[in-house]
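One structure is given below, encoded as structure tokens.
The values are calculated or read from the model by the stated rules, or taken from the named source; none is laboratory data. Quick caveat, the model's predicted, so the values are computed rather than measured. In this analysis, Cβ positions are derived from the backbone assuming ideal geometry, glycine residues included, and neighbour counts consider all displayed protein chains. Just so you know, the surface numbers come from the protein's heavy atoms only, side chains and all, with ligands and any DNA or RNA stripped out. Shrake-Rupley method; radii C 1.70, N 1.55, O 1.52, S 1.80 Å.
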Amino acid sequence: MVNIATIGTSLISNDFIEVICANAGATYVGTLSRSAEHAASFTAERGGTHPFTSLDELAGCDEVDAVYIGSPNGLHAEQALACIAAGKHVIVEKPFASNEWEARRVFEAAEAAGVVALEAMRPLHDPAFRACQDAIGELGRVRRAGLHFGKFSSRYLEVLAGRQTNIFDCTMASGSLMDIGVYCVEPMIELFGAPERVASSTVLLDEETRGVTNGPIDGAGDIICTYADKTVVLHHSKITNDNLSCQVEGEDATLLFGGVSCPKWGKIEFRGEVGRSSAKAVRVASGAKTCDLELPACENTMCYELADFLAAIEAVRDGAAPADAAAGSWGTVAHYRDVTLASLAVMDEVRRQGGVVFPADEKARAAEGGAGAAAPQA
């Protein structure tokens, strides 16, 4: 049994508590909130027994084995480090940290302490995403891919009204790339590895909003990632709706699927045998066909990342080194660590090109003598 406490009272934290309560291998202990009254009511309503009002209190609680960190992005790293120092395993909501430098600090601390540190990146633990990944083997040589995720955020309306929100705030390491674009970047890294070059176009919120966003921050953007034999284009937005499906184009077939964060449907369109045709003729390939994919369905896909987190903790309890611990069927803790770090390197470069700066970037430059963290170059 793994006793889990949570940090944060957002909807996504509530969803994670739901899967904790549904898993026979885990117990929900309680939630940290700055308000004692809110911590008590939130915890009690979800069946917990220990509300927390300070990070030190949570980290020092002997009844807590692991912590889910669902606080604003800019707090992830320091909260994770405090929990790790107290011997707690941590699963940290995406994005794992503000930048690659912060993430490395957390992973190194976890390894030294002998505990698991894992990013809560839903699609990488979802059998539906893995079914789409398996289908890529039927496409022939992959040449292009496009991953889309964009949904209009009600928090943008808060910004337009002149009110502060954590979702668009440089001090909280937020914005479209960090909140939405990460769901495109990490699946790309998982499917194709790190790109050789990154070029991006960033849509910043209007200059007059910077009094509440604490600096230039992105509302949408596009990222072109270049590999030796293919190009992958990522599209993300929190100020518009993107209604396009994702696709991976091979020389023999094209995979299409809907919902990069939580794939709901998928199909492969095989091109068949293609002949030459005149400008007046509509070309029809002989033998072209479409095959629908059967994707596992689940109401709350956070159950998969929780199951893999628990599996890694169990492996560590059985004597495995944290990095070598199998986090489910698709990779070790080290594998997911490497995906997280490679993804943050891409995102650091995108933000550098777009002029979006977080407090952790200044800390990284100071720690590294002004050079900053390494990242792919445009």
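Tabulated values for the structure
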| item | result |
| --- | --- |
| Cross-link reach list, aspartates and glutamates versus LYS363, counting only Cα pairs under 18 Å and skipping chain neighbours closer than eight places | GLU78, GLU100, GLU102, GLU108, ASP169, ASP348, GLU349 |
| Two-site label geometry, ASP292 and VAL203: point separation in nm, points 7 Å out along Cα→Cβ | 3.3 nm |
| Antiparallel DSSP beta bridges within the chain, as percent of all bridges there, nearest 5 | 60 percent |
| Solvent exposure ordering (accessible area, 1.4 Å, most first) of ASP308, ASP252, ASP324 | ASP324, ASP252, ASP308 |
| Chymotrypsin sites (Phe, Trp or Tyr not before Pro) within segment 13-74, DSSP loop, no more than 12 other Cβ atoms inside 10 Å | none |
| In Å², nearest 10: area of HIS148 left accessible to a 1.4 Å probe | 30 Å² |
| Unit charges on C-beta of K, R, D, E only; dipole of segment 192-344, Debye | 580 debye |
| Anchor LYS267: lysines whose Cα lies under 22 Å away (excluding residues fewer than 8 positions away in-chain) | LYS230, LYS289 |
| Residue (of SER153, ILE167, LEU139) at the positive-pole extreme of segment 93-181, dipole from beta-carbon charges | LEU139 |
| Cα-only Debye scattering, segment 246-355: base-10 log of I(q)/I(0) at q = 0.12 Å⁻¹ | -0.73 |
| Neighbour-limited loop hits for GluC sites (Glu not before Pro), segment 130-221 (at most 15 other Cβ within 10 Å; DSSP other than H, G, I, E, B) | GLU196 |
| Apportionment of accessible area to carbon and sulfur, the chain, percent (1.4 Å) | 49 percent |
| Solvent-accessible heavy-atom area per residue, rounded to whole Å², over segment 179-235 at 1.4 Å | 36 Å² |
| Kirkwood hydrodynamic radius of segment 124-224, from inverse mean 1/r over distinct Cα pairs, in Å | 15.5 Å |
| ARG143 accessible area, assembled protein chains, probe 1.4 Å, Å² | 90 Å² |
| Residue-normalised accessible area of segment 60-170, given per residue in Å² at a 1.4 Å probe | 35 Å² |
| Which of LYS363, LYS88, LYS230, LYS264 is most accessible, then next, and so on - probe 1.4 Å | LYS264, LYS363, LYS230, LYS88 |
| Dipole of segment 194-325, positive direction: furthest Cα of ILE239, LEU256, GLY219, with charges on the beta-carbon | LEU256 |
| Whole-angstrom gap from segment 129-170 to segment 22-89, using each part's C-alpha centre | 28 Å |
| Segment 204-269 - convex hull of alpha carbons, volume per residue in Å³ | 110 Å³ |
| Which label in [x] 14; [y] 21; [z] 40 gives the computed percent of Cα pairs over 41 Å apart | [x] |
| List THR226, THR213, ordered by accessible area with a 1.4 Å probe, largest first | THR226, THR213 |
| Charge dipole (debye, nearest 20) of segment 41-186; +1 at Cβ of Lys and Arg, -1 at Cβ of Asp and Glu | 780 debye |
